[in-house]
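Derivation of every value follows stated rules applied to the coordinates shown; laboratory data play no part. Just so it is clear, the structure is predicted and the values come from calculations on it, not from any experiment. No Cβ is skipped: glycine too gets one built from the backbone with ideal geometry, and neighbour counts run over all protein chains shown.
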Amino acid sequence: MHFSPDSFRAPVIPPRRPSLSPLSSAIFTMLVLHVGHAGAQIADVPAATPVLGAMEVKGQAARGADASYSTTTLDTQDIQAQHVSQPEELFRQVPGMNVQNYQLSGVGNAIVMRGFGSGGHGGDVGVVLDGIPLNEAMSHADGYVDFNVIVPLEIDRLTVYKGPVSALYGNFNRAGLIAVQTRRGGEYRDVDFSAASHGTLDAQAALGLKLGEDESLNLAAQHARTDGFRAQSGAERTTLAARWSRRITPALDVALSGRLHEADGDSPSYLTAAQFAADPYGRDPRAMDDGAKKHFGTLRADVQYDLAPDLKWLGFAYTTRQDFTRWFSRPVSAAAWRQREESYDRTVYGAGTSLNGRSALAGAPLNWVAGLETFRESTDYLFYDGLADRVRTGPAGYDRNSRLNSLSAFAEVDAPLHPLLQPSAGLRWDRFTGACRPNGAETASDPCGPLARTSHASPKLGLRSQLLPGLLLRASWAEGFALPSNFAKYALGAAQLDPNVFRQTELGAQIKPLAGLVLDVAAYRLISSDEIRTVAPGVYENYGATRRTGVEASALWSVRSDLDLTLAWGSAQSRVTQNGSSALVGKQVAGVPRYTATLGAAWRPVAGWEGTATWRRVGRYAVNADNSLFYGGYATWDLGVNYAPPASRYRFYATVANLSDKAYATSAAVISGQPLYAPGAPRTFKVGVQGQF
């Protein structure tokens, strides 16, 4: 399913405060000036002129509409039409997907998908950037992800895989996978500058250069800042990315790439129910000087060699360094709040190789990929509680280092034997080792020892059938897994545990009933078994199960040449079916809305002009595990207008988000028995200009 959204939304922009380093400022300024200067000289050069064949990272047997499972893909044109400041803003265009925005500067939000409620802030959703995992093994929670390291304007393709369906990715691939591929090769010069309410500014630039007949350079940069719509919610962030590639011989391509990101922001924390009702944009006086700081850098090398016309060898190696510190105030009783500090210093080394081929089976095409990959991730973790406005007042709760090592093998094959019979299969094997050790004195009693060697094989099966020219059916079964969470995996009592296993069954159809109308619908059941629970301190067992079912649908309808309608809708039911506490059996999984919907319309009354309207609805969901508190959800309207002057390379746009100025919460939680709410932004105006040279 290829989803092409037409809606607009004003951004919610995190981190603020650091001023840019001189190097970052200089590089960003040079990039923007180069874009403008080059645009004045290449008026006759069309955008996106291909230079080199795109270098793969892992390859893939089947992609998008050719897959036997549900995917949603947004390409460069789709993404640029949204004028987003953060990739997370795109997810409301995906059926059944939602972002529980914590409104905490620099902190990863929770992504809801396939009945799971802790992607991004936890480990329910896998995320890869150009084939390299962005999930962090031990940062705040297993699988934590920060999407702010990605510049929206640099994205070539963003694909969301529903459920643990892809054999190319393993741990954290439970609810699904978000795969982001950046632009590679080509000639283009794109900019997007905008200003919005609450002192919000966003500047993005992406540049593709042809350095020679067989050499190219891709650059991207973003600087975003905001004062925020609440007191003490200013934030600022900067990202720089570069990729150099060269064809050494007709069969050999090499590439080097790097990425830098820095962010700093303040946070006003959450509001109690009474405060949210009285002043949804206020600040609890018990919240201290909260915020977050982050520095992120990564380097990688890629090589691709064509062994034969239909056989490629791919290899990559990368390293990542980052530091992230967060200060967060929260209630510890009905009256008292306390501030905590969490710091993560993370280092990753990884490498991988794969073969990608196209063969024939009884005269029918056979697409396949097989490979190996490994990484070693080390995280130094510091935790302090009871701070006084970021000043430590006691000993460290945690001061330890954790290591996670992974070795994986994967294979995937797609065999479109006949329009009626197009099977696919995949298998992934993962092995994990590691250890935990104290770095210094700490008061915590959580386990910290060797990680027992753990391995798991995850099969994937699929079938699609083109019954009619306008009717494509698909069915798939896939398995995924999860390791014990947090420091439980480093406990002696976890040595005999099996991984938590997830098995998904899906049926779907893509229907084209008439010209200009594409419908896609899928029903799924996802069973989680062998869930890992704590029996006593340091003692764990496999006991617990959850059933997740739902239906997702999308529609794209070109009603007329000047009118397009889009719909992304999903329902989800997540129920606990086995638990150590009988009181939780039958309860809903917290944070998962009963349904979500996005309805969009784009109208082009005259040449060069376009108006857009978007309605977003997030349904009711349980806030806590025992379902004693629910949040009723919300609905918002956004409007937008775009104007592209004739024979111009510029496009001007204006949007208003939350048109009715509705007070609503983008997330709700219970901490120490206290219901807390993160208010969404009030009515927000935004104006901007986009240029393509």
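Which residue, chosen from GLY185, GLY117, PRO152, occupies the Cα position most advanced towards the positive end of the dipole of the chain, where the dipole is computed from +1 (Lys, Arg) and -1 (Asp, Glu) charges on Cβ about the Cα centre?
Of the listed residues, the answer is GLY117.
Arranged by the count of other C-beta atoms within 10 angstrom, fewest first, what order do ASP389, ASP192, ASP564 take?
ASP389, ASP564, ASP192
With point charges of +1 on the Cβ of Lys and Arg and -1 on the Cβ of Asp and Glu, referenced to the Cα centre of the chain, which listed residue (TYR621, PHE410, LEU472) lies farthest in the positive direction of the dipole?
Towards the positive end, the residue furthest out is TYR621.
Report the equivalent ellipsoid semi-axes for segment 424-583 in whole Å, largest first, defined as the square roots of five times the eigenvalues of the gyration tensor built from alpha carbon atoms.
Working: eigenvalues 380, 60, 51 Å².
In descending order the semi-axes read 44, 17, 16 Å.
At ASP389 and TRP244, where each label point lies 7 Å from the Cα along Cα→Cβ, what is the point-to-point distance in nanometres?
4.8
For n ≥ 4 DSSP H runs only, could you compute -39500 (n - 2.57) per run for the chain, divide by its residues and tell me the 222 nm figure to the nearest 500?
After summing the helix terms and dividing by residue count, I get -1500 deg cm²/dmol.
Ranking HIS140, HIS223 by Cβ neighbours within 10 Å, fewest first, what do you get?
Lowest count first: HIS140, HIS223.
How big is the dipole moment of the chain about its Cα centre under a simple scheme where the beta carbon of each Lys and Arg is +1, that of each Asp and Glu is -1, and everything else is neutral? Debye, nearest 20, please.
With Lys and Arg at +1 and Asp and Glu at -1, about 920 debye.
For a quick check of your reading of the filter: which GluC sites (Glu not before Pro) in segment 533-610 sit in a DSSP loop and have no more than 16 other Cβ atoms within 10 Å?
none
Taking θ = phi - 60°, what integer Hz values does the Karplus form 6.51 cos²θ - 1.76 cosθ + 1.60 yield along segment 175-182, in sequence order, with x for Gly and Pro?
Here the 3J(HN,Hα) series is 6, x, 9, 10, 10, 10, 10, 8 Hz.
For segment 347-415, take the alpha-carbon Rg, divide it by the Kirkwood Rh, and send me Rg/Rh.
Rounded to two decimals, Rg/Rh equals 1.42.
I'd like the Kirkwood hydrodynamic radius of segment 543-693, using the inverse of the mean 1/r over distinct C-alpha pairs, in Å.
18.4 Å is the Kirkwood radius here.
Would you kindly give the portion of the calculated P(r) for segment 69-151 that falls above 21 Å, as a percent of all Cα pairs?
Value for segment 69-151 (Cα pairs over 21 Å): 26 percent.
Restricting things to Cα coordinates, could you compute the convex hull volume per residue of segment 456-499 in Å³?
Measuring per residue, one finds 71 Å³ for the Cα hull of segment 456-499.
Just grab the label-to-label distance for LEU507 and GLN578, each label 7 Å out from Cα along the Cβ direction, in nm (one decimal).
Modelled inter-label distance: 2.6 nm.
Would you please give the FRET efficiency between LEU514 and ASP626, computed as 1/(1 + (r/R0)^6) with r the Cβ-Cβ distance and R0 = 35 Å, to the nearest 0.05?
Computed FRET efficiency for LEU514 and ASP626 comes out at 0.15.
Take the Cα gyration tensor of segment 488-606, multiply each eigenvalue by 5, square-root it, and list the three semi-axes largest first, rounded to whole angstrom.
44, 14, 13
Could you pull out every residue, at least 5 positions away or on a different chain, whose amide H is within less than 5 Å of the one on GLY170? Hs are placed 1.01 Å off N in the peptide plane, and Pro or chain starts have none.
Close amide H contacts, sequence-distant or interchain: none at all.
Can you put HIS261, HIS295, HIS456 in order, fewest other beta carbons within 10 Å first?
Starting with the residue having the fewest Cβ neighbours, the order is HIS295, HIS456, HIS261.
May I ask for the distance between the Cα centers of segment 388-462 and segment 599-671, given as a whole number of Å?
Segment 388-462 and segment 599-671 have Cα centres spaced 35 Å from each other.
Roughly speaking, what is the centre-to-centre gap between segment 240-304 and segment 162-223 when only Cα atoms are used, to the nearest Å?
Cα centroid of segment 240-304 versus Cα centroid of segment 162-223: 13 Å apart.
Quick check: pseudo-label points 7 Å beyond the Cα along Cα→Cβ at LEU468 and PHE652, how many nm apart are they?
4.8
Distances over 41 Å make up what percent of all Cα-Cα pairs in the chain?
Beyond 41 Å sits 25 percent of the P(r) for the chain.
Please list 3J(HN,Hα) in residue order for segment 362-376, calculated via the Karplus relation 6.51 cos²θ - 1.76 cosθ + 1.60 where θ = phi - 60°; whole Hz, with x for glycine and proline.
These are the phi-based 3J(HN,Hα) values: 6, x, 9, x, 9, 9, 8, 8, 8, x, 10, 8, 8, 8, 10 Hz.
Determine the shape class of segment 132-190: with a ≥ b ≥ c the square roots of the Cα gyration tensor eigenvalues, call it rounded for a/c under 1.5, and otherwise prolate if a/b is greater than b/c, oblate otherwise.
Working: a/c = 2.87, a/b = 1.63, b/c = 1.76.
Oblate, because a/c is 1.5 or more while a/b does not exceed b/c.
State whether segment 176-328 is rounded, prolate or oblate according to the following rule on the C-alpha gyration tensor (a ≥ b ≥ c being the square roots of its eigenvalues): a/c under 1.5 gives rounded; otherwise a/b larger than b/c gives prolate, and the remaining case gives oblate. Spell out each step's value before the answer.
On the way: a/c = 3.29, a/b = 2.42, b/c = 1.36.
Prolate, because a/c is 1.5 or more and a/b exceeds b/c.
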